[in-house]
Amino acid sequence: MRWLVTGGKGMLAQDVERVARQAGHDVVVLTRGELDITDASACEQAVEGVDVVVNCAAWTAVDDAESREGDAFAVNAVGPANLARAAAGARARIVHVSTDYVFDGAASTPYPEDGVVAPRSAYGRTKAAGEWAVRAEAADHLVVRTAWLYGAGGPCFPRTMARLAAERDEISVVEDQVGQPTWTVDLADLIVRLVEAGAPSGTYHGTSSGSTSWFGFTRAVLDAVGSSTVLLPTTSDKFVRPAPRPAYSVLGHDALVAAGVAPIGDWSQRWKAAAPTVVGAPVVG
């Protein structure tokens with residue numbers, strides 16, 4: 001199959017390109033400079049002769065979106081609408097990557113794929129609008145929500161924590177936000193498996209299994225790099241930001257199971273596999 005991947009400089013796009021090529025697919029990757037997804041005619045030209053469109057392009061500056069929601073909407077909603085419409089016209093399947101921020105973060109059990117969408121931030125609202133647009137414009141779609149992404153292809157939480165641990169004697173990290181750290185390699189692999197399985201059109205959750213807090217994830221990062229930096233728990237009210245962060249970002253995987261596609265493994269085991277490439281440290285055990 002011939003694949004088109006947007007957002008070519010991002011962590012996820014880099015791994016989708018690599019994993020899809022390893023699976024034997026012909027992959028074209030376009031950066032923002034090569035394809036402006038807010039340009040409908042450019043999207044139509046880009047998808048010509050393509051079988052699968054994977055949209056990794058997004059406005060991900062969560063806090064900036066609070067003051068620039070119109071700009072974020074253009075990238076996160078108008079852009080996906082253009083790609084989905086173009087994909088439908090070319091009879092291509094579109095895979096659109098979305099986020100846990102479409103939920104309110106107030107749950108205490110994993111959010112199902114058909115759970116009520118109630119974003120609390122501008123970023124979440126624009127991503128929810130993008131999901132709606134993809135579903136409306138392309139019958140043959142896969143909306144894949146993810147969360148807490150990290151990878152070797154760009155800045156990410158574990159790299160930041162490893163750097164801070166090398167610079168400081170102690171670090172304070174929130175323990176009242178819970179989610180599923182997810183390796184971009186694993187999400188890329190899941191996307192390829194969904195497409196190759198011919199999974200039914202719909203919404204899927206592309207996150208690791210299990211859950212932890214940012215504090216717990218940081219503990220795993222420090223263990224991976226062998227750091228003796230003191231780790232102190234704190235709460236979100238000590239780190240006030242323009243955009244509210246979901247307190248609970250755990251997503252369920254029932255749709256994957258129903259489609260016969262195995263969910264990503266437990267976050268802690270996947271982190272052990274990822275750590276050597278993400279923070280340059282082998283993990284023992």
task: Please give the calculated 222 nm ellipticity per residue for the chain, where each DSSP H segment of at least 4 residues contributes -39500 (n - 2.57) and the sum is spread over every residue; nearest 500 deg cm²/dmol?
output: -11000 deg cm²/dmol
message: Between the stretch 166-191 and the stretch 37-67, how far is it from one alpha carbon centroid to the other, in angstrom?
response: 25
message: Which three extents, in angstrom, do the Cα atoms of the chain have along their principal axes, listed largest first?
response: 56, 40, 38
message: Counting only other residues whose beta carbon sits under 11 Å from that of D100, what net charge do I get with K and R as +1, D and E as -1?
response: +2
field: DSSP-assigned coil residues among trypsin sites (Lys or Arg not before Pro) in the stretch 40-120, each with at most 15 further Cβ atoms within 10 Å
entry: R68, R91
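Report relative contact order for the chain in percent, whole number only (criteria: Cα-Cα under 8 Å, sequence separation at least 6).
Values: 609 pairs, mean separation 57.9, N = 285.
Relative contact order for the chain comes out at 20 percent.
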message: Nearest 10 degrees is fine. How inclined is helix 122-137 to the longest principal axis of the chain, computing both from alpha carbons?
response: 30
task: When a/c is below 1.5 the answer is rounded, else prolate if a/b is larger than b/c, else oblate, so apply that to the stretch 133-285 with a ≥ b ≥ c taken from the square roots of the Cα gyration tensor eigenvalues.
output: prolate
- prompt: What percent antiparallel are the DSSP beta bridges of the chain, to the nearest 5?
  reply: 5
- prompt: Nearest 10 degrees, 0 to 90: what angle lies between the long axis of helix 79-89 and the longest principal axis of the chain (Cα atoms)?
  reply: 40
- line: The helix 214-225 Cα axis meets the longest alpha-carbon principal axis of the chain at an angle in degrees, between 0 and 90 and rounded to 10, of 80
query: Taking a temperature of 37 °C and a viscosity of 0.692 mPa s, what whole-number D in µm²/s does Stokes-Einstein yield for the stretch 1-158 with Rh from Kirkwood over alpha carbon pairs?
result: 208
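So if I place +1 on the C-beta of Lys and Arg and -1 on the C-beta of Asp and Glu, and nothing else carries charge, what would the dipole magnitude of the chain be about its Cα centre? I want it in debye, nearest 20. It would help to have the intermediate numbers written out before the result.
Details: 24 positive and 33 negative charges, 61 e Å.
Once rounded to the nearest 20, the dipole reads 300 debye.
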- request: Mind checking the full-extension length gain between E66 and R241? Use 0.36 nm per residue of separation minus the Cα-Cα distance, one decimal, nm.
  value: 62.0 nm
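Bear in mind these aren't lab numbers, they're just calculated from the coordinates by the rules spelled out. Values in this document were obtained by computation on a predicted structure and should not be read as measured data. Backbone-built Cβ (ideal geometry, glycine too); neighbour counts: all protein chains shown.
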